[in-house]
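Here is the structure we will look at.
The values are calculated or read from the model by the stated rules, or taken from the named source; none is laboratory data. Source: prediction; values computed, not measured. Here the Cβ is made from the backbone with ideal geometry for all residues, glycine too, and neighbour counts use every protein chain on show. SASA here: full protein model, heavy atoms, side chains in, ligands and nucleic acids out. Shrake-Rupley method; radii C 1.70, N 1.55, O 1.52, S 1.80 Å.
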Amino acid sequence: MNNRILDVAPEVREALAAGRPVVALESTIISHGMPYPKNVETALLVEQTIRDNGAVPATIAVIGGRLKAGLSRDEIEYLGRAGRSVAKASRRDLPALVARGADGATTVATTMIIAHMAGIRIFATGGIGGVHRGAEVTMDISADLEELAQTPVMVVCAGAKSILDLGLTLEYLETKGVPVLGYGTEELPAFYTRQSGFRVDYRVDSPEELAAIYRAQRDMDYKGGMLVTNPIPAEYAMDKAVIDKAIDEALRAAEAQGIRGKETTPFLLAKVVELTGGDSLESNIRLVLNNAALAAKTAVCLSQR
Ligand code: PSU
Ligand code: MN
């Protein structure tokens, strides 16, 4: 399992070898998704939530050119303090970062890649990347979607933010054959809010059933993964008008400043937090914890066969 470039933390390796539940976590959310020190506090709380629900956490990153599945407290602290000075590492970035012995914060795409290399089947995060608004001109479509189409990891998220074109994101996932499941809902959640106006493929009401659908996909030898969308708990959801206004303003700022490429998502996320004060950050933290708990419960079901 530990190949030439991969380090699986001892606790994670032992759990995997014994068939015990493990949940992967991404690190772009730590260094690019939230400000310090809330990012570090949240990352540690997410790991604790996974433990409280019976699984072992494996936060994933690239450190000194090594692909890491399972970080120490010090490594999480380092990524959180370094913030946006750490490279945001998506699929195309890994070869150069590894060859140069550099550090990288992993996106959904690269967290899936490294989780799969380590033998981890399920991963919890906040929101995924998708088809950006205006993609019919910019062709800005996140590598996260291609990864869902080719790597057999279940990704538990709270949907996607409407900084993206959610309708086109669903179309893309349909084309690629990626199942989109709604946990306790028929509607795709929009990260800060429980509703988006778009339907998911299937509503699923228990971790047992999520595990059964994942097993069925594996039994068919599909090469891709699947997306579980888990709505933010109602008490932490944001007012739709407030968040829509902030997102519109963030999109206008990005346009005015000519933000492009890999900078687009981090720019929009930071702008939305800035425009909504601490409210959106608090919602963000709550939904990640909610996803961590569901992923851990599902990992427990996956390990019981
Ligand atoms: N969307 C969020 N929060 C995030 C991200 C996206 O609501 O933290 C991060 C994730 O790491 C995701 C990445 O994989 O941004 C997508 O970036 P891009 O759109 O450049 O592929
Ligand atoms: Mn992009």
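Amide H to amide H, with H built 1.01 Å from N, VAL131 comes under 5 Å of SER142, ASP165, THR169, counting only residues 5 or more places away or on other chains.
Checking the Cα-Cα distances for LYS223/LYS271; LYS68/LYS223; LYS176/LYS262; LYS38/LYS297 against a 29 Å cut-off, the pairs over it are LYS223/LYS271. For the stretch 132-275, list log₁₀ I(q)/I(0) at each q in 0.10, 0.13, 0.17 Å⁻¹, using the Debye formula over Cα point scatterers of equal strength and ignoring solvent, two decimals each. The Debye formula, applied to the Cα set alone, gives -0.36, -0.61, -0.99.
One Cα centroid belongs to the stretch 192-249, the other to the stretch 103-181; the line between them spans 12 Å. In order along the stretch 14-23, the phi-based Karplus estimate (6.51 cos²θ - 1.76 cosθ + 1.60, θ = phi - 60°) of 3J(HN,Hα) comes to 5, 4, 5, 5, 8, x, 8, x, 9, 10 Hz; Gly and Pro are listed as x. Applying 0.36 nm per residue to the separation of ARG73 and LYS38 and subtracting their alpha-carbon distance, the gain on full extension is 11.2 nm. If you run the Gaussian network model on the chain, springs between alpha carbon atoms under 10 Å, then out of MET34, MET139, MET220 the most flexible one is MET220.
For the stretch 220-305, the normalised intensity computed at q = 0.21, 0.26 Å⁻¹ comes to -1.03, -1.23 (log10 of I(q)/I(0), Debye sum over alpha carbons, equal scatterers, no solvent). Within the full protein context, the accessible area of SER85 is estimated at about 100 Å² for a probe radius of 1.4 Å. Note on ASP74: accessible area approximately 120 square angstrom, rounded to 10, probe 1.4 Å, nucleic acids and ligands left out.
Among the protein heavy atoms, those of LEU168 account for about 70 Å² of accessible surface (1.4 Å probe, every chain in place). Result for the chain in a Gaussian network model with C-alpha springs under 10 Å: among LYS262, LYS68, LYS88, the largest mean-square fluctuation is at LYS262. Taken one residue at a time, the phi angles of the stretch 218-232 give Karplus couplings (6.51, -1.76, 1.60, θ = phi - 60°) of 5, 5, 8, 6, 4, 7, x, x, 8, 10, 9, 10, 10, x, 4 Hz. Gly and Pro are set to x. Rolling a 1.4 Å probe across the protein heavy atoms gives the chain an accessible surface of 43 Å² per residue. Net charge in the neighbourhood of ALA69 (other residues with Cβ under 14 Å of its Cβ; Lys, Arg +1, Asp, Glu -1) is -2.
Accessible-area rank, largest first, for TYR222, TYR172: TYR222, TYR172, with all protein chains present and a 1.4 angstrom probe. Taking K and R as +1 and D and E as -1, what net charge do the other residues with C-beta under 12 Å from the C-beta of LYS176 add up to? Combined, the nearby Lys, Arg, Asp and Glu give -4. Extension gain for the segment ARG66 to GLN257, taken as residue separation times 0.36 nm less the Cα-Cα distance, is 65.3 nm to one decimal.
As a fraction of the 1.4 Å probe accessible area of the stretch 6-125, surface on carbon and sulfur atoms comes out at 52 percent. Computed per residue of the chain from DSSP H runs no shorter than four, each worth -39500 (n - 2.57), the mean residue ellipticity at 222 nm is -14500 deg cm²/dmol. On full extension, the segment bounded by LEU168 and ALA18 gains 49.9 nm, given 0.36 nm per residue less the C-alpha separation. Other residues within the sphere of radius under 13 Å centred on the Cβ of ARG133, judged by their own Cβ, net out at -4 (K and R +1, D and E -1). Taking all protein chains together and a 1.4 Å probe, the residues LYS271, LYS38 rank LYS38, LYS271 from largest to smallest accessible area.
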